[in-house]
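The values are calculated or read from the model by the stated rules, or taken from the named source; none is laboratory data. This is a predicted model, so every value here is computed, not measured. Quick reminder, even Gly has a Cβ in these numbers, built from the backbone with ideal geometry, and neighbours come from all protein chains shown.
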Amino acid sequence: MSEYEDDGGISVEAGREHSPDGQPGAQHGGSPGETALRAEPDGIAGAPKETPVGARRKDRRGDRLRDGSGVSDVADTLGELAMSNGTQENNMPLGLDVGTSRIVVARSTDRAHESQYESQLNAFITLPYSKLAASLLEREGVFHEVYGDELVVTGNDAQRFAEVFHVETRRPMQRGVLNPKEPHSLRVLRGIITRLAGKAGGQNRKVFFSIPSPVGEDESAISYHEASITQILADLGFEGHPIREGLAVVFGEMSSSNFTGIGISCGSGLCNICLAVLSVPVFNFAIPKAGDFIDSQAAAVTGELATRMRVMKEMNFAVNGLGGDRVQNALTVYYDDVIHTLANSLRTTISSTQRLPKLDQSIPIVLSGGTALPKGFLKRFTTALRADDFPIKISEVRVAADPLNSTARGALMAALC
Ligand SMILES: Nc1ncnc2c1ncn2[C@@H]1O[C@H](COP(=O)(O)OP(=O)(O)OP(=O)(O)O)[C@@H](O)[C@H]1O
Ligand SMILES: [Mg+2]
């Protein structure tokens, strides 16, 4: 499904619409002679230290996926790198997407074009401690820890237990950074990162991890968040390097345009946006409307729980206008709000950017993240972009082949460059 139009302000080739179940679809090819540049590492150390926690279960229920992003020189390089380091797998860099809703680790495998992903929900629930409950959890292989008189079940298991006990999961992060209202935030985050990344097992093993961009000018919460993750990684023996989430999407999805284009991650707490030219970021920013906003607003107007809205949205929702039941309509209204805010803020930011690099060619926009999954998202976003003049020429707008893993993939790419 591809169209090309030129209606003055914006010329857009709308790419493939993504299937609602998040399965990879269309692929994009790479071009020879692409240049992989190094991401700017600017890690901060010195966060408060907490006792490291360990995963109790040994099995890693990872989702091993084949990247559907086509052939590229960078992927070739990565594959060769992976192969030459096959015997030193323990020292290979990692990509880590520290998301408000999910944490994803990306590893390169020993074959070209393949990455391996593993994810955990960035959530937890607490249960009152008892010896019996603790031993039952242990026996069932449930990922948990004991904090004083509480049993804390984290990651994917938290969702399962929340359903069993009819409670809401708690979240260590909010709007892309550590949740200031959650006393367990750092401990839980440390537990999940430890479980996914493991111990470095070698010197100077690099991890590029995603950080959000500021909403407006305030970077202070991001500095603390970034320092905290750097410290967690340092305690595991890793050398942590932050990468803005939008830039990670550029790294993960735009090898075919020499890492030039607009990468967008529509996540849970934020939509992160980056315009990069030859891998160098021109601007990064975020808007505070994404999946959580849709859930909470739709819940407020329907009298339902936000968690229920989330389940309905993830099950079979398509953004295709009003006319469904009241829940579908509420989700549609707030999805449209996100889409229009995103398109308008992108337009305004480009227009107000001074010394915008001279772009000889039109550039692509790639949408990723869980909020970009529903059918209709791409079409609505493309329509919103076309609604007014757009300051730069766009070659295509497409949804990433594997939207839930784009950020981790890009972080890994950056780490391997
Ligand atoms: N199939 C789906 N349809 C609609 N929404 C979905 C689907 N799957 C996941 N989501 C939504 O995507 C969001 C999570 O996406 P993602 O994992 O990209 O976010 P994140 O990286 O954790 O958050 P952020 O980047 O904002 O910190 C949630 O709001 C979730 O409800
Ligand atoms: Mg994200």
* Asked: Of the residues in segment 375-400, how many are away from ligand 2 (no atom under 16 Å from the Cβ) and part of a loop (DSSP other than H, G, I, E, B)?
  -> 8
* Structure fact -> Quick count over segment 248-264, residues being buried (at least 24 other Cβ atoms within 10 Å of the Cβ), over 17 Å from ILE350 (Cα atoms) and not aliphatic (A, V, I, L, M), is 5
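Residues are listed down the side, and each one gets a yes or a no for (1) under 15 Å from SER406 (Cβ atoms); (2) out of contact with any Asp or Glu (no Cβ under 8 Å at 6 or more places or on another chain):
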residue	(1), (2)
ALA234	no, yes
GLU245	yes, no
ILE264	yes, yes
ILE273	yes, yes
ASN284	no, yes
* Flag if VAL74 is modelled with pLDDT of 65 or more, β-branched (Val, Ile, Thr) and either part of a strand (DSSP E or B) or away from ligand 2 (no atom under 16 Å from the Cβ) (or both) -> no
* Structure fact -> Scanning segment 320-362 for residues that are surrounded by fewer than 20 Cβ atoms within 10 Å (Cβ to Cβ), at pLDDT 90 or above and among the hydrophobic types (A, V, I, L, M, F, W, C) gives VAL327, VAL333, ILE350
* **Close pairs from segment 294-316: first within 21 Å of LEU270 (Cα to Cα) and within 16 Å of ligand 2 (Cβ to nearest atom), partner modelled with pLDDT of 95 or more and among the hydroxyl-bearing types (Ser, Thr, Tyr), Cβ under 7 Å, at least 6 apart** => ILE294/TYR334; ILE294/TYR335
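Tally the residues that are assigned to a helix (DSSP H, G or I) and touching an Asp or Glu at 6+ places or on another chain (Cβ under 9 Å), restricting the search to segment 205-227.
Within segment 205-227, residues that are assigned to a helix (DSSP H, G or I) and touching an Asp or Glu at 6+ places or on another chain (Cβ under 9 Å) number 1.
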* To do: Among residues belonging to segment 349-374 that are within 11 Å of VAL399 (Cβ to Cβ) and assigned to a loop (DSSP other than H, G, I, E, B), point out the one that is farthest from the chain's Cα centre (by Cα).
  => PRO374
* Structure fact -> VAL167 passes all but one of the listed conditions (1) surrounded by 19 or more Cβ atoms within 10 Å (Cβ to Cβ); (2) modelled with pLDDT under 95; the exception is number (1)
* **Qualifying strands (runs of 3 or more DSSP E) (wholly inside segment 91-204; at least 2 residues being closer than 30 Å to VAL250 by Cβ)** => 94-98, 102-108, 115-121
* **Any hit, segment 240-247, residues being of a type in the set (Gly, Ala, Ser), modelled with pLDDT of 95 or more and surrounded by fewer than 20 Cβ atoms within 10 Å (Cβ to Cβ)** => no
* Any pair with Cβ under 9 angstrom, 6 or more apart, that starts in segment 231-249 at a residue that is closer than 20 Å to ASN91 by Cα and ends at one that is acidic (Asp, Glu) and crowded, with 22+ Cβ neighbours inside 10 Å -> GLY240/GLU226; PRO242/GLU226
* Kindly list the number of the only condition in (1) at negative phi; (2) within 16 Å of ligand 1 (Cβ to nearest atom) that fails for ARG347. => (2)
* Asked: Are any residues in segment 244-297 part of a strand (DSSP E or B), of a type in the set (Val, Ile, Thr) and either within 10 Å of ligand 1 (Cβ to nearest atom) or under 15 Å from ILE392 (Cβ atoms) (or both), and if so, which ones?
  -> ILE262, ILE264, ILE273, VAL277, VAL282
* Scan segment 110-128 and give yes if some residue there is among the acidic types (Asp, Glu) and under 22 Å from ASP295 (Cα atoms), otherwise no. => no
* Just name the residue that is farthest from ligand 1 (Cβ to nearest atom) out of those in segment 214-243 that are closer than 23 Å to ILE287 by Cα and among the aliphatic types (A, V, I, L, M). => ALA227
